[in-house]
Amino acid sequence: MIRRLVQFAIFLFFANALYQAAPIGLHYFQFKDALQELALFSQKSSDQELVDRVMVLAEEHKIPLDRDYVTVKRTPNQMIITAAYLETMRFLPGVPYEREFDIEAKAYMVKEAPGR
């Protein structure tokens, strides 16, 4: 009887951990994909416009992102958008666990050949 209770408690612990982590992981991957698309299809936008769009995407994907942690870097042949944020999870009731997420989206710029 006690063995069954311990097994059930362990099962509940893992079920709660999955319940807490799955939505955060899903939001992370959806936001990462959205950032990659933004980098690929917004190369002619200004840096400020890109940061504004990243903040809109973060809100849409329920990401607690601060504008200070979004950067846009351009080189002659690529554009890199980086974003970093902290997410708090509670695997055990009353015990917060903070996880830092870093996202980097790269897009390579292809220039047209002369004469085209």
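Hey, can you tell me all the residues within segment 68-77 that are among the basic types (Lys, Arg) and under 16 Å from PHE101 (Cβ atoms)?
Answer for segment 68-77, where residues must be among the basic types (Lys, Arg) and under 16 Å from PHE101 (Cβ atoms): there is none.
Among the listed residues LYS32, LYS44, LYS106, LYS111, identify the single one that is touching a helix residue (DSSP H, G or I) at 6+ places or on another chain (Cβ under 7 Å) and of a type in the set (Lys, Arg).
From the options LYS32, LYS44, LYS106, LYS111, the qualifying one is LYS106.
On the basis of being assigned to a helix (DSSP H, G or I) and loosely packed, with under 11 Cβ neighbours inside 10 Å, does ASP52 make the cut?
So ASP52 fails the test.
Quickly run through segment 27-49 and pick out the residues that are part of a helix (DSSP H, G or I) and without any contact (Cβ under 8 Å) to a residue 12 or more places away in the chain.
Passing the criteria: PHE29, ASP33, GLU37, PHE41, GLN48, GLU49.
Can you work out which of the residues in segment 1-40 that are at pLDDT 90 or above and aromatic (Phe, Trp, Tyr) is farthest from ARG99 (Cα to Cα)?
PHE8
For segment 55-116, list the strands (runs of 3 or more DSSP E) that sit wholly inside it and hold at least 2 residues that are loosely packed, with under 12 Cβ neighbours inside 10 Å and of a type in the set (D, E, K, R); which are they?
Filter on segment 55-116 gives 95-108.
Test each condition in (1) over 17 Å from LEU92 (Cα atoms); (2) surrounded by 15 or more Cβ atoms within 10 Å (Cβ to Cβ); (3) out of contact with any Asp or Glu (no Cβ under 8 Å at 6 or more places or on another chain) for ALA17 and report the one that comes out false.
(1)
The values are calculated or read from the model by the stated rules, or taken from the named source; none is laboratory data. Just so we're clear, the structure is a prediction, and the values are computed from it rather than from any experiment. Please note: Cβ atoms are built from the backbone with ideal geometry, for glycine as well, and neighbour counts cover all protein chains shown.
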